[in-house]
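The values are calculated or read from the model by the stated rules, or taken from the named source; none is laboratory data. What you see is a predicted model, and the numbers here were worked out from it, not measured in a lab. When we count neighbours, we look across all protein chains shown, and the Cβ atoms used for this are built from the backbone with ideal geometry, even at glycine.
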Amino acid sequence: MGFFNLFLFIIIFHVFVTTPIFSHSNNNNERSSSSISNFLDLAKSPEVFDWMVRIRRKIHEYPELLYEEFNTSEVIRTELDNLGISYKHPVAETGVIGYIGTGKAPFVALRADIDGLPIQEMVEWEHKSKVDEKMHACAHDAHTAMLLGAAKILKQHEHQIKGTVVLVFQPAEEGGAGAKKVLEAGVLDKVSAIFGLHLVPTLPLGHVASKPGPFMAGSGTFHATIHGRGGHAAMPHLSIDPLLAASSAVVNLQQLVSREADPLDPQVVTVANFHGDGAFNVIPDSVTIGGTFRAFSPESITRLKERIQQVITGVATVHRCTAEVDFLEEQKPFYPATINDQKLHEHFLEVAKNVVGNENVYETQPVTVSEDFAFYQEVIPGFFFMLGFKSLTSVEPLPMLHSPHFTVNEHAFPYGAALHASLATTFLLNLDDGGKCHDEL
């Protein structure tokens, strides 16, 4: 997730509202818990803020890649033990699922991703990654710390939670579809809604952005090998040139969007890898190309997959070559589009305006990056949003996500913790007391 500079922000509120975050109106009946303080104030207290910072820095020093988050998982479980929060582990190999509240329905989930990236950190600071070629360059260390911060606040008020908050510390967001494995484990079967957030450097500190409906694109990956017959570059007529066939395939793949896709249905096909072994004067026997394709509907993703297969194999045949296309579904499963639930969007707006202020809540355009939170949304009403950390006085653009120079402004942590806690508790307050309230998870 590294392209949030594509965001176009539209201010949707203009009046600051200061009603208590633990108060809500449902069907004209006011439900409140006046004894609970403002969660943002609690999250900014040294007891919570300094604790979140320490946890984040500890995790940042030892990043772990997808399904290898053993040390990270241990840090999470240690903190949950210290807080007296029960949990299940392992889930999806290295994940941790915590529980705060009654242990009975209704259930609402909060998700944080915990894996790092295969990037060498270039930021020189006291807590720089101590693991070569691994880095938390997508703020997952911060996401984990903020969810733990929310857990610390919620545990202090557990007796006032009208149901159960499920804490999802999920592995393998970066290409491993960890969310899918969490669902397959069955630990979220009775959850009524799930919320997630992502820190971004393009929004000011404490500002939030999202939208209802399609928010981020679904995506797939392809890798193709085009076979010809190698030979000397001085005598190309004695060879069958796979480089020419691959080059033609790349050009033709671009036309899948420019000439076949509805202009009102955003789609992207990107060839990001092109490789052919050999010296400058040698035509190779084969060439490999690879990339991704993205769209906002399952139909468009399916069509792009079919046409990528047809274009690459067809163009190869025209150039007297053969080709096979692998969509790497075992290693890199297709990610569905992130589609935010309309009712949860309305809930988010009401909570966010009370936590960060109307003027700091934005509605944004869809973006064509992908997020495995979408797997949850296929089976559970879900909502995903962005939280900014850019200094209000900064004029220079910050390094983007997935950059070796990426840094996080830790002053954003209280906003994330407070939003998590507020979204979950007010959601539970809004649900009827009947139905599944006596079911145990």
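Can you tell me how many residues in region 256-271 are touching a helix residue (DSSP H, G or I) at 6+ places or on another chain (Cβ under 8 Å) and surrounded by fewer than 14 Cβ atoms within 10 Å (Cβ to Cβ)?
Qualifying residue count for the region: 2.
Only residues in region 391-414 that are closer than 18 Å to Leu40 by Cβ count as the first member; pair them with residues that are part of a loop (DSSP other than H, G, I, E, B) and not aromatic (Phe, Trp, Tyr), Cβ under 7 angstrom, at least 6 apart or cross-chain, and list the lot.
Leu392/Leu205; Asn409/Leu205; Asn409/Ser391; His411/Leu205; Ala412/Leu205; Ala412/Gly206
If we scan region 98-118, do we find a residue that is among the basic types (Lys, Arg) and under 26 Å from Val166 (Cα atoms)?
Going through region 98-118, the residues among the basic types (Lys, Arg) turn out to be 104, 111.
Those still in the list that are under 26 Å from Val166 (Cα atoms) too: 104, 111.
Within region 98-118, one or more residues are among the basic types (Lys, Arg) and under 26 Å from Val166 (Cα atoms).
Please go through region 262-280 and give me each residue that is in contact (Cβ under 8 Å) with a residue 40 or more places away in the chain and in a loop (DSSP other than H, G, I, E, B), ordered by number.
Pro266, Gly278, Phe280
Identify all residues within region 215-249 that are surrounded by 17 or more Cβ atoms within 10 Å (Cβ to Cβ) and within 29 Å of the chain's Cα centre (by Cα); write none if there are none.
Phe215, Met216, Ala217, Gly218, Ser219, Gly220, Thr221, Phe222, Ala224
Can you tell me which residues in region 293-323 are within 23 Å of Pro366 (Cβ to Cβ) and assigned to a helix (DSSP H, G or I)?
Within region 293-323, Pro298, Glu299, Ser300, Ile301, Thr302, Arg303, Leu304, Lys305, Arg307, Ile308 meet the criteria.
Can you tell me which residue in region 399-408 is surrounded by the most Cβ atoms within 10 Å (Cβ to Cβ), limited to those that are of a type in the set (A, V, I, L, M, F, W, C) and closer than 21 Å to Val268 by Cβ?
Leu401
Does Ser370 satisfy the condition of being in a loop (DSSP other than H, G, I, E, B) and closer than 17 Å to Pro214 by Cα? Let's see the steps before the verdict.
Numbers: in a loop (DSSP other than H, G, I, E, B): yes; closer than 17 Å to Pro214 by Cα: yes.
For Ser370, the condition - in a loop (DSSP other than H, G, I, E, B) and closer than 17 Å to Pro214 by Cα - is met.
Say whether the condition of being in a strand (DSSP E or B) and either among the β-branched types (Val, Ile, Thr) or in the same structural domain as Gly175 (by TED's automatic domain parsing) (or both) is met by at least one residue in region 224-234.
Yes, region 224-234 contains at least one residue that is in a strand (DSSP E or B) and either among the β-branched types (Val, Ile, Thr) or in the same structural domain as Gly175 (by TED's automatic domain parsing) (or both).
Okay, residues lined up against (1) more than 15 Å from Leu65 (Cα to Cα); (2) under 15 Å from the mean Cα position of the chain (by Cα):
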{"position": "Val108", "(1), (2)": "yes, no"}
{"position": "Gly116", "(1), (2)": "no, yes"}
{"position": "Gln120", "(1), (2)": "no, no"}
{"position": "Val123", "(1), (2)": "yes, no"}
{"position": "Lys130", "(1), (2)": "no, no"}
{"position": "Met135", "(1), (2)": "no, no"}
{"position": "His140", "(1), (2)": "no, yes"}
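What pairs come up if the first residue lies in region 133-148 and is of a type in the set (S, T, N, Q), the second is surrounded by 24 or more Cβ atoms within 10 Å (Cβ to Cβ) and not in a helix (DSSP H, G or I), and their beta carbons are under 8 Å apart, counting only those six or more places apart or on different chains?
Thr144/Ala112; Thr144/Asp113; Thr144/Ile114; Thr144/Phe169
Can you find a residue that is in contact (Cβ under 8 Å) with a residue 40 or more places away in the chain and under 24 Å from Glu371 (Cβ atoms) anywhere in region 282-290?
The answer is yes, given that some residue of region 282-290 is in contact (Cβ under 8 Å) with a residue 40 or more places away in the chain and under 24 Å from Glu371 (Cβ atoms).
From the list Phe296, Phe274, pick out the single residue that is of a type in the set (Phe, Trp, Tyr) and buried (at least 17 other Cβ atoms within 10 Å of the Cβ).
After ruling out the rest, the residue left standing is Phe296.
Can you find a residue that is modelled with pLDDT of 95 or more, under 30 Å from Ser248 (Cα atoms), β-branched (Val, Ile, Thr) and part of a helix (DSSP H, G or I) anywhere in region 332-351?
no
I'd like to check something: does region 344-352 contain any residue that is closer than 17 Å to Phe195 by Cβ, of a type in the set (Gly, Ala, Ser) and touching a residue at least 12 places away in the same chain (Cβ under 8 Å)? First the steps, then the outcome.
Taking region 344-352 and keeping what is closer than 17 Å to Phe195 by Cβ, we get 344-352.
With of a type in the set (Gly, Ala, Ser) added as a condition, the list becomes 352.
In the following step, the residues that additionally are touching a residue at least 12 places away in the same chain (Cβ under 8 Å) were identified as 352.
Yes; the residues of region 344-352 include at least one that is closer than 17 Å to Phe195 by Cβ, of a type in the set (Gly, Ala, Ser) and touching a residue at least 12 places away in the same chain (Cβ under 8 Å).
Mind checking which strands (runs of 3 or more DSSP E) fall wholly inside region 37-154 and carry at least 2 residues that are charged (D, E, K, R) and either under 26 Å from Ala374 (Cα atoms) or not assigned by TED's automatic domain parsing to the domain that holds Glu174 (or both)?
Per the criteria, 107-113.
Where residues in region 373-398 are within 18 Å of the chain's Cα centre (by Cα) and part of a loop (DSSP other than H, G, I, E, B), which of them is surrounded by the fewest Cβ atoms within 10 Å (Cβ to Cβ)?
So, considering only residues that are within 18 Å of the chain's Cα centre (by Cα) and part of a loop (DSSP other than H, G, I, E, B), the one surrounded by the fewest Cβ atoms within 10 Å (Cβ to Cβ) is Val379.
What are the residues in region 43-74 that are of a type in the set (A, V, I, L, M, F, W, C) and touching a residue at least 60 places away in the same chain (Cβ under 8 Å), if any? Break it down into steps so the answer makes sense when it comes.
Step one: list which residues in region 43-74 are of a type in the set (A, V, I, L, M, F, W, C), which gives 43, 48-49, 51-53, 55, 59, 65-66, 70.
If the condition is that a residue be of a type in the set (A, V, I, L, M, F, W, C) and touching a residue at least 60 places away in the same chain (Cβ under 8 Å), then Ala43, Val48, Phe49, Trp51, Met52, Val53, Ile55, Ile59, Leu65, Leu66 are the ones that fit.
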